[in-house]
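A.B. asks: For reference, the structure I am asking about is given below.
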Amino acid sequence: KNIVDILEDRLPKSGLIGGDMLEFTKGFPSNTSRQTMFLSMCSTIAVIQGHLILDFENILKKGLIGIKTDVENALKEEDSLSIKERNFLKSISIAIEGVIIFAENLTERVEFSSILEPIPEKKAILEKMLENCRKVPLYPAENFYQAVQSVWTLKTAVELVHPVNLHCQIGRAH
């Protein structure tokens, strides 16, 4: 057996695809490539779209470091937390750490691009972006440009890690 054989057998049994969706995947036209059929089954999961409006207020006011500090302080109150609450807070801390790493990598890339940019006008834009990226989203935004950079970095990070066609809208979260 190869991986396609195993996945074709186990995926329907896993409960990830069930009911009408399972019947829908079985209705795909036959072809000679079982790998294509398997990819087709997986793509039916991935074509589901979602639209979110993230609450950017905390990131703009506190930054990721401030939010992570709040989470760590909440975790210190172990006696008042259930296991589920503690695990939830730990997962938030891990997710924030991932976004911090993403933001740091983005900052390094902007710095690299600004060093290599030969056109003065573009170089000036990249240097302004670099100044903003060094501050946000790790720390609170202090001006409009930093707010836009912070929101866009968080929006992009969320969209990149989600396995389906997810769109984070910019709007009111309340």
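The values are calculated or read from the model by the stated rules, or taken from the named source; none is laboratory data. Computed from a prediction, not measured in an experiment: that's the story for all the values here. Neighbour counts are summed over all protein chains in view; Cβ atoms, including those assigned to glycine, are modelled from backbone coordinates with ideal geometry. To get the accessible areas, we keep the full protein, side chains included, count just its heavy atoms, and leave off ligands, DNA and RNA. Shrake-Rupley method; radii C 1.70, N 1.55, O 1.52, S 1.80 Å.
A.B. asks: Among the residues of region 134-141, are any among the aliphatic types (A, V, I, L, M) and either touching a Phe, Trp or Tyr at 6+ places or on another chain (Cβ under 6 Å) or assigned to a helix (DSSP H, G or I) (or both)?
C.D. replies: Looking for residues that are among the aliphatic types (A, V, I, L, M) and either touching a Phe, Trp or Tyr at 6+ places or on another chain (Cβ under 6 Å) or assigned to a helix (DSSP H, G or I) (or both), one finds none in region 134-141, hence no.
Residue-by-condition table, conditions (1) at pLDDT 95 or above; (2) not charged (D, E, K, R):
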residue: Lys122; (1), (2): yes, no
residue: Leu126; (1), (2): yes, yes
residue: Met129; (1), (2): yes, yes
residue: Asn132; (1), (2): yes, yes
residue: Ala147; (1), (2): yes, yes
residue: Ala157; (1), (2): no, yes
residue: Leu160; (1), (2): no, yes
residue: His167; (1), (2): no, yes
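A.B. asks: Is at least one residue of region 22-30 at pLDDT below 70 and among the basic types (Lys, Arg)? So that I can check it myself, show each step before the final result.
C.D. replies: At the first step, the residues of region 22-30 found to be at pLDDT below 70 are 22-30.
Now restrict to residues that are among the basic types (Lys, Arg): 26.
For region 22-30, residues at pLDDT below 70 and among the basic types (Lys, Arg): present.
A.B. asks: Conditions: (1) at pLDDT 95 or above; (2) assigned to a helix (DSSP H, G or I); (3) charged (D, E, K, R); (4) open to solvent by less than 100 Å² (accessible area, probe 1.4 Å). Glu85 meets all but one. Number of the miss?
C.D. replies: So the condition that Glu85 fails would be (1).
A.B. asks: Now a separate question. Looking at region 67-77, is at least one residue in a helix (DSSP H, G or I) and modelled with pLDDT under 90? Talk me through it step by step, then tell me what you get.
C.D. replies: Applying the first criterion (in a helix (DSSP H, G or I)) to region 67-77 yields 67-75.
Restricting the remaining residues to those that are modelled with pLDDT under 90 gives none.
Scanning region 67-77, I find no residue that is in a helix (DSSP H, G or I) and modelled with pLDDT under 90, so the answer is no.
A.B. asks: Right, here's the next one. I'd like the full set of residues that are free of Cβ contacts under 8 Å to residues at least 12 places away in the same chain and surrounded by 15 or more Cβ atoms within 10 Å (Cβ to Cβ), limited to region 88-102. Working first, answer last.
C.D. replies: Residues of region 88-102 free of Cβ contacts under 8 Å to residues at least 12 places away in the same chain: 88, 91, 94-95, 101.
Across region 88-102, the qualifying residue is only Ala95.
A.B. asks: So if I check each of Val158, Val151, Val71, Val136, which one is touching a strand residue (DSSP E or B) at 6+ places or on another chain (Cβ under 6 Å), of a type in the set (Val, Ile, Thr) and either closer than 19 Å to Asn58 by Cβ or surrounded by fewer than 17 Cβ atoms within 10 Å (Cβ to Cβ) (or both)?
C.D. replies: Values: Val151 fails: touching a strand residue (DSSP E or B) at 6+ places or on another chain (Cβ under 6 Å); Val71 fails: touching a strand residue (DSSP E or B) at 6+ places or on another chain (Cβ under 6 Å); Val136 fails: touching a strand residue (DSSP E or B) at 6+ places or on another chain (Cβ under 6 Å).
The unique qualifying residue is Val158.
A.B. asks: Oh, and also: Filter region 103-121 down to the residues that are within 23 Å of Ala147 (Cβ to Cβ) and open to solvent by less than 60 Å² (accessible area, probe 1.4 Å), then identify the one that is nearest to the chain's Cα centre (by Cα). I'd like the intermediate steps shown before the answer.
C.D. replies: First pass over region 103-121, keeping only residues within 23 Å of Ala147 (Cβ to Cβ): 103-111, 113-114.
Checking which are open to solvent by less than 60 Å² (accessible area, probe 1.4 Å) leaves us with 103, 106-107, 110, 113-114.
On the way: Ala103: 12, Leu106: 14, Thr107: 17, Val110: 20, Ser113: 23, Ser114: 25 Å.
Per the criteria, the residue is Ala103.
A.B. asks: Consider only pairs whose beta carbons are under 6 Å apart and that are at least six residues apart or on different chains; among these, list those whose first residue lies in region 130-152 and is within 13 Å of Ile65 (Cα to Cα) and whose second residue is assigned to a loop (DSSP other than H, G, I, E, B).
C.D. replies: Ser150/Val136; Ser150/Pro137; Ser150/Ala141
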